[in-house]
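The values are calculated or read from the model by the stated rules, or taken from the named source; none is laboratory data. For clarity, every value in this text was computed on a predicted model and none was experimentally measured. We place every Cβ from the backbone using ideal geometry, glycine too, and count neighbours over all the protein chains shown. Only protein heavy atoms, including side chains, enter the accessible area calculation; ligands, DNA and RNA are left aside. Shrake-Rupley method; radii C 1.70, N 1.55, O 1.52, S 1.80 Å.
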Amino acid sequence: MPLVTNSEALSAIAALDFDVRVIKCKRKTLSLTVKEQFVEVRSPYWLRDQEIEQFVLDKADWCRLRLQEAAARHGEKPDFSHESQCLFFGTPRTILHHSGKPQVIERENILHVFHYATSAHQPTKHAAYLAKWMKQEAERYLSARTLELEQQLCPPKPVTAVQFRKTKSKWGHCSSKGEIQLNWLLIMAPPEVMDYVIIHELCHLTYMNHSKTYWQLVHSYCPDYQHHIDWLNQYGHKISIIS
């Protein structure tokens, strides 16, 4: 079982102006990952604390810069509050909350979100209601689009189910049983990016790997796939929700 150590156990690290979490586990080398609010260091069990400290200290300036960038990206995540903005089908939409029968009306790049008067001062519920609506829109659109693209690709295995989850690290997943799982936040991305993610997963029904042959298949159905990957890398934080 991995051993999680806080920075107080490593005095030099504890003196830094950012949080460092050290995880000692079964591995051969040191690794460092910058999260949104802290730095995670994974170390072999046998490595001395002094070596871990020096490793982090040598990368301290780099870590500070990455943490600043992560904080800036976090600030660009939509929170679905009144007069804020979010992407929907890749286009910025202004969110306006109103009192009225619960519903969402999309008009001229504005999402009008209506709530009963009793919830007028409950922004958390407002955000939850809009997220629920957006998830429903994603399930409706992405389910239909997955079946349309399946008919075009004609993979050797059929799609047995299309499921939806909000995950932190994956936009999609394909199981060996033909189950396609999509992150419903993709409804915020441009349609061509959504198509790429679906095609990516459908191609796994032919190759359950990321081999050269697999990517050749992806390219045959989505020649600009690298452009869509770049979009997700650059703007993916904007199709997440502050929670």
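What to note about this one:
- Note on region 96-194: enclosed strands (runs of 3 or more DSSP E) holding 1 or more residues that are within 24 Å of L232 (Cα to Cα) and of a type outside the set (D, E, K, R) are 110-115, 161-165, 172-174, 179-183.
- Residues in region 149-169 that are open to solvent by less than 90 Å² (accessible area, probe 1.4 Å) and of a type in the set (D, E, K, R) were compared, and the one that is farthest from L111 (Cα to Cα) is K157.
- Filter result for A127 (among the small types (G, A, S), at pLDDT 85 or above, open to solvent by less than 60 Å² (accessible area, probe 1.4 Å) and out of contact with any helix residue (DSSP H, G or I) (no Cβ under 7 Å at 6 or more places or on another chain)): no
- Those residues of region 15-62 which are open to solvent by 40 Å² or more (accessible area, probe 1.4 Å), of a type in the set (S, T, Y) and under 30 Å from I241 (Cα atoms), in sequence order: T33
- Of everything in region 74-89 that is assigned to a loop (DSSP other than H, G, I, E, B) and of a type outside the set (F, W, Y), the residue that is farthest from L130 (Cα to Cα) is E76.
- The condition (being open to solvent by 60 Å² or more (accessible area, probe 1.4 Å) and of a type in the set (A, V, I, L, M)) is satisfied by just one residue among L96, L65, L87: L65.
- Just one residue in the set S81, S7, S31 is within 30 Å of W231 (Cβ to Cβ) and at pLDDT below 90; that residue is S81.
- Selected residue [within 30 Å of E192 (Cβ to Cβ), of a type outside the set (F, W, Y) and in contact with a helix residue (DSSP H, G or I) (Cβ under 6 Å, 6 or more places away or on another chain)] from E76, E83: E76
- Flag for H210 being assigned to a helix (DSSP H, G or I), open to solvent by 80 Å² or more (accessible area, probe 1.4 Å) and not charged (D, E, K, R): no
- Close Cβ contacts (under 9 Å, 6 or more residues apart or on different chains) running from residues in region 178-200 that are over 16 Å from T91 (Cβ atoms) and open to solvent by less than 10 Å² (accessible area, probe 1.4 Å) to residues that are among the small types (G, A, S) and part of a helix (DSSP H, G or I) comprise L182/A138; L182/S143; N183/A138.
- Meets criteria (open to solvent by less than 70 Å² (accessible area, probe 1.4 Å), on the phi > 0 side of the Ramachandran plot and not polar (S, T, N, Q)) for G172: no
- Of residues in region 99-124 being among the aliphatic types (A, V, I, L, M) and open to solvent by 20 Å² or more (accessible area, probe 1.4 Å), the one modelled with the lowest pLDDT: A120
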